[in-house]
1. Starting from the range 131-197, pick out the trypsin sites (Lys or Arg not before Pro) whose DSSP state is loop and whose Cβ has at most 14 other Cβ atoms within 10 Å.
2. For Gly166, enumerate residues with amide H under 5 Å from its amide H, sequence gap 5+ or separate chain, H modeled in the peptide plane.
3. Just the Cα atoms of the range 309-465: what Rg and Dmax do they give in Å?
4. Around Pro120, under 13 Å between beta carbons, what's the net of Lys plus Arg minus Asp minus Glu among the other residues?
5. With a probe of 1.4 Å, find how much accessible area the range 331-465 has per residue, and write the answer as a whole number in Å².
6. Which of these values of Kirkwood radius over Cα pairs in Å was calculated from the structure shown: [x] 24.1; [y] 29.9; [z] 22.4?
7. Measuring from label point to label point, each 7 Å out along Cα→Cβ, what is the Thr197 to Thr242 span in nm?
8. Please find the FRET efficiency linking His102 to Lys174, where r is the Cβ-Cβ separation and R0 is fixed at 25 Å, and quote it to the nearest 0.05.
Amino acid sequence: MNRLMLFVLLVCGGGLVHAEEPAAVRDIGSRRELFVDDYLIERLKGAELKMHRPVPQDVALVCDAPWEGNTSAYYTLFADGDRFRMVYRGAHFDEQTKKSTHPEFTCYAESRDGIRWEKPKLGLFEFNGSKENNIVWAGEDTHNFTPFQDANPDCTADARYKALGGSSVRSGGKGLRAYKSPDGIHWSLMREEPVITNGDFDSQNLAFWHPEQKRYLDFHRKGRAGVRDIMTATSTDFLNWTEPVFLEYGDAPKEHLYTNAIQVYFRAPHLFLGFPTRFQPKHEQVEPILMTSRDGRNFKRWAEPLIPITAPEDRDGNRSNYMTWGLLQLPGQDRELSVYATEAYYAGPASRVRRFTFRTDGFVSLRAGADTAEMVTHALRFTGKELAINYTTGAGGSLRVEIQDAAGQPLLGFALADCRSLSGDSIEQVVTWANGSDVSSLAGQLVRLRFALQEADLYALQFVH
């Protein structure tokens with residue numbers, strides 16, 4: 001029997017016998033699939049997966065208030081209705097005395113466009129005799145207080161925002177404690193006792209509600225085999241967590257990973273993006289890298305730095321190049337995504353946050369050079385009416401797509417010669433063949449996609465209704 005035969009039912013001795021299917025069928029439905037790994041790829045010739053660095057833009061925030069300073073850190077950014085929010089640690093270190101000049105505070109900023117940020121005077125906590133400041137939490141757990149807007153549809157009104165904060169039991173701390181807030185400004189403990197104690201926690205430890213897994217996921221720091229590493233745990237109520245386990249990275253080398261900045265990619269919520277900080281103890285230099293996952297436990301890590309120390313300024317220094325936790329799509333900017341990274345840690349009177357931009361879906365591409373390259377997918381099933389792709393080509397580049405049966409034979413009307421050659425730049429371009437773009441007659445069947453590319457980058461594909 002041919003291993004690539006389509007699903008067949010045979011009556012045999014009163015029973016049903018199922019013919020074999022390809023071993024690696026990908027049931028993608030109408031999901032958007034990014035080329036951040038080789039999940040779709042069965043055969044590849046003349047092309048490679050290429051990581052892309054974000055483009056530096058202007059400085060978004062300067063931590064120059066008296067209660068902030070040059071060791072302000074652990075920034076969290078997220079969209080909330082018609083505005084964007086930022087929460088971070090306000091701290092300052094005197095390099096001459098080698099001491100902090102004031103207690104650490106949790107500070108707040110907001111923006112309508114993600115470019116210009118304001119620090120509102122909230123009147124909640126006192127600093128040097130005045131409450132005219134943007135402090136939203138003071139006292140315990142301010143070192144790494146990391147909030148999020150809770151997407152759990154069952155969360156109560158008084159806990160629409162949640163946070164983790166705390167420090168290592170090994171260093172005299174209590175572990176991570178759970179906080180809640182009705183508005184993201186006024187915070188209170190959910191209980192006095194820590195909710196997670198297995199970890200080192202001297203980093204930006206974060207959690208969020210996963211819309212597909214329908215549970216909370218935590219990612220926090222813990223040492224393993226002599227390096228800084230990342231653990232994860234899950235919870236259904238944010239108070240009772242599973243025993244944490246370490247992330248796995250395949251055959252990636254053992255390296256120090258400090259902050260993790262892991263999040264669900266909102267345009268493809270079955271995918272995780274992480275922007276961990278790689279730490280080099282010899283020089284105390286840091287640089288963010290990219291890692292991706294489909295289950296939140298097993299990650300593919302990219303070796304080259306995402307933001308090199310040569311980016312605009314003040315990154316070549318002790319702990320001066322962290323990615324923040326957050327990925328924003330700014331108003332009217334459907335072609336780009338904004339991320340933010342720190343600079344000037346320990347330097348001068350204030351550290352800074354700079355905005356960077358990715359192409360939408362543009363973290364990794366399937367890249368082809370001057371010679372025509374080909375990629376054939378695993379057998380897959382889809383739902384939808386049209387195939388849309390996110391791609392770009394060079395001036396003389398092109399891209400075509402063939403739809404094959406599971407055995408690799410071109411389907412009538414969808415051969416490579418039938419496809420209208422694409423060139424240029426589009427975030428969502430519908431592929432057409434001689435008979436049009438409608439592929440709904442193939443939905444639910446086992447098919448393969450064959451891409452022919454020249455001087456082109458393919459970032460994502462999706463079957464759309």
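The values are calculated or read from the model by the stated rules, or taken from the named source; none is laboratory data. The structure displayed is predicted, hence computed values, not measured ones. When we count neighbours, we look across all protein chains shown, and the Cβ atoms used for this are built from the backbone with ideal geometry, even at glycine. These area figures cover heavy atoms from the full protein model, side chains too; ligands, DNA and RNA do not enter into them. Shrake-Rupley method; radii C 1.70, N 1.55, O 1.52, S 1.80 Å.
1. Lys131, Arg170, Arg191
2. Distant-sequence amide H within range of Gly166: Asn144, Arg177.
3. Here Rg and the maximum Cα pair distance are 20.4, 67 Å.
4. Cβ neighbours under 13 Å give a net charge of +2.
5. On a per-residue basis, the range 331-465 sits at 35 Å².
6. Among [x] 24.1; [y] 29.9; [z] 22.4, the one calculated here is [x].
7. According to this spin-label approximation, the distance is 2.1 nm.
8. After rounding to 0.05, the efficiency reads 0.65.
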